[in-house]
Amino acid sequence: MTTVTQAPNADRPAGTADLRGAIRREGRRLMDLWWQEMGAADAAGRPTAYVFVMGSLNEVLRCFDLTINFPEITALQTAVRGQSLTYLQAAEDDGYSPDICGYVKTDVGLHLRGRAHPHGTIPKPGLVVATNMCNTYIKWAEIWEQRYRCPVFVLDLPAWRGSGPGGAGGGIGEHDRRYVEAQLRDLIALCERVTGTRFDVDRLRETLAEANRMAAHYHDVLVLNQRRPAPFSALREGIVFQGIANLYRGSPEGTAFFDAARAEIEARTRRGEGALPHEQFRLLLSGTTCYASFKRFAELFEEWGAVFVHSTYLVFAGGGFGPGFGYDLARPIESLAEQLLASAWHGFSIPMFYAQDWLAETARAWAVDGICFHGVKSCRTTSTGLPDVREWLRTQHDIPGLFIQSDLVDPRLWSDAQLKNRVDAFLESLAARQLSARGGTP
Ligand code: SF4
């Protein structure tokens, strides 16, 4: 009989859920390759585009052979390496307030310290491409504009006009499509000026075709985690998936990675192999993990046999690959505009503003036992309203939820004893719930 007062996997050898096989090898190789390319661009003074994970426009930028830097990824990598505090403090010493987005401050610290990152040197921006998907993006882009005098392009994506995720009045209107398409043509002209390269629509078709293939594999990978036991951790392997989906979007390497990841995860499911040796609870993560305590965050749950099977982060920061994603190669720029709108709505507006519906549906399809809402103290964009959503799902859908807070990259905001207490109490209550469902008494 399951005890409800002890973490069942507390004595599990550390690292059992570490990444394995092709996902780990290829993920590392591609990440190293990206850093080598950034270093080479810095050394040669080649133009580099700074972009964001929500609407990177990688498909367009690849047509101009621009090296692409994702400052959110470089910031989180400093935290995973345990070195973010140095950069955060450099930014705060320069006058940035403690409550500003931790990614911004880490990045500012990197630039103040000569763009020297634990993985290599970050090249200067030759072009910045932002969207309005987070208001911080626009102010962040202005920091680089002022520091490097580089051109900044902000893509304005109209908000969802429906009354709900599938509500009346939704869908992509002709005016919205034309509005975004005109901006894409402006961006193409700007890229031509910055790089001196003529735009080739056939190259765009190639990158769109690769993004279509990658999106199909990405979707398959996520759906495979509906199996029991879950073959991968949406936290541990999820971070690799997000990284590669952004860095290699629209490239053959990115497509090959997700093809191999899908094959590896299918093989695990055939062998009945789970992310954890004994899966006890299936959880959904609303928000992000804490990269400054990345392993510890996962271990707090894994000690109890709790595996994260999905997360909102895999959707809104994973490239916006929603169900049915696909570019129409016969009308590439128009189709890119449509998919940007659809991705912004599916990948951002719906998980953000209609979180309760998306979470309820995902909890059902992925058969989760509970939801962990992780509030990020320096990110109001992803953290606003989480306790209300938790309460709604508990009362309307009988889905238990845990609300905890720390940060993305700031180790000063991680309180281990407090978080452990809350996670233990939540998982103990889930264990009691399971026991009661089986007719036992706690
Ligand atoms: S979404 Fe949050 S973490 Fe990301 S840039 Fe905006 S404020 Fe920062």
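The values are calculated or read from the model by the stated rules, or taken from the named source; none is laboratory data. Computed from a prediction, not measured in an experiment: that's the story for all the values here. Every residue, glycine as well, gets a Cβ built from its backbone with ideal geometry; the counts of neighbours run over all protein chains shown. Just so you know, the surface numbers come from the protein's heavy atoms only, side chains and all, with ligands and any DNA or RNA stripped out. Shrake-Rupley method; radii C 1.70, N 1.55, O 1.52, S 1.80 Å.
Collect the residues in segment 33-43 that are open to solvent by less than 70 Å² (accessible area, probe 1.4 Å) and either in contact with a Pro (Cβ under 6 Å, 6 or more places away or on another chain) or of a type in the set (A, V, I, L, M) (or both), keeping them in residue-number order.
Once the filter is applied, which keeps residues that are open to solvent by less than 70 Å² (accessible area, probe 1.4 Å) and either in contact with a Pro (Cβ under 6 Å, 6 or more places away or on another chain) or of a type in the set (A, V, I, L, M) (or both), segment 33-43 yields 33, 38, 40, 41, 42.
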Tally, over segment 268-287, of residues that are touching an Asp or Glu at 6+ places or on another chain (Cβ under 9 Å) and at pLDDT below 95: 0
Residues (open to solvent by 30 Å² or more (accessible area, probe 1.4 Å), touching a strand residue (DSSP E or B) at 6+ places or on another chain (Cβ under 7 Å) and not polar (S, T, N, Q)) located in segment 382-428: 387, 390, 394, 403, 413, 414, 422
Search result, residues across segment 150-186 that are open to solvent by less than 70 Å² (accessible area, probe 1.4 Å), at pLDDT 95 or above and more than 16 Å from residue 343 (Cβ to Cβ): 150, 151, 152, 153, 154, 182
In segment 293-310, the residues that are more than 21 Å from residue 399 (Cβ to Cβ) and outside any helix (DSSP H, G or I): 303
Output for segment 371-395, where each listed residue is under 25 Å from residue 430 (Cα atoms), in a helix (DSSP H, G or I) and within 16 Å of the ligand (Cβ to nearest atom): 383, 386
Given (1) open to solvent by 10 Å² or more (accessible area, probe 1.4 Å); (2) hydrophobic (A, V, I, L, M, F, W, C); (3) outside any helix (DSSP H, G or I); (4) closer than 30 Å to residue 430 by Cα, number of the condition residue 199 does not satisfy: (4)
Residue match in segment 272-292 (condition: within 21 Å of the chain's Cα centre (by Cα) and assigned to a helix (DSSP H, G or I)): yes
Residues of segment 111-132 that turn out to be in a loop (DSSP other than H, G, I, E, B) and touching a Leu at 6+ places or on another chain (Cβ under 7 Å), as a count: 2
Where residue 75 falls short, out of the listed (1) within 16 Å of the ligand (Cβ to nearest atom); (2) among the aliphatic types (A, V, I, L, M); (3) over 23 Å from residue 152 (Cβ atoms): (3)
Residue 431, sole failed condition from (1) more than 23 Å from residue 292 (Cβ to Cβ); (2) within 16 Å of the ligand (Cβ to nearest atom): (2)
Among (1) modelled with pLDDT under 95; (2) over 30 Å from residue 275 (Cα atoms), the one test that residue 317 misses: (2)
Among (1) over 18 Å from residue 57 (Cβ atoms); (2) in contact with a Ser or Thr (Cβ under 6 Å, 6 or more places away or on another chain); (3) open to solvent by less than 20 Å² (accessible area, probe 1.4 Å), the one test that residue 214 misses: (1)
Residue that is nearest to residue 284 (Cα to Cα), among those in segment 223-241 that are open to solvent by 20 Å² or more (accessible area, probe 1.4 Å) and within 16 Å of the chain's Cα centre (by Cα): 239
Filter result for residue 342 (away from the ligand (no atom under 16 Å from the Cβ) and at pLDDT 95 or above): no
Residue in segment 44-61 that is farthest from the ligand (Cβ to nearest atom), counting only those that are within 19 Å of residue 193 (Cβ to Cβ) and open to solvent by 60 Å² or more (accessible area, probe 1.4 Å): 45
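Would a scan of segment 398-410 turn up a residue that is assigned to a helix (DSSP H, G or I) and either within 17 Å of residue 313 (Cα to Cα) or of a type in the set (D, E, K, R) (or both)?
There is no residue in segment 398-410 that is assigned to a helix (DSSP H, G or I) and either within 17 Å of residue 313 (Cα to Cα) or of a type in the set (D, E, K, R) (or both).
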Any hit, segment 264-277, residues being in contact with a Gly (Cβ under 7 Å, 6 or more places away or on another chain) and open to solvent by less than 20 Å² (accessible area, probe 1.4 Å): yes
Within segment 121-137, tally of residues that are surrounded by 14 or more Cβ atoms within 10 Å (Cβ to Cβ) and within 12 Å of the ligand (Cβ to nearest atom): 7
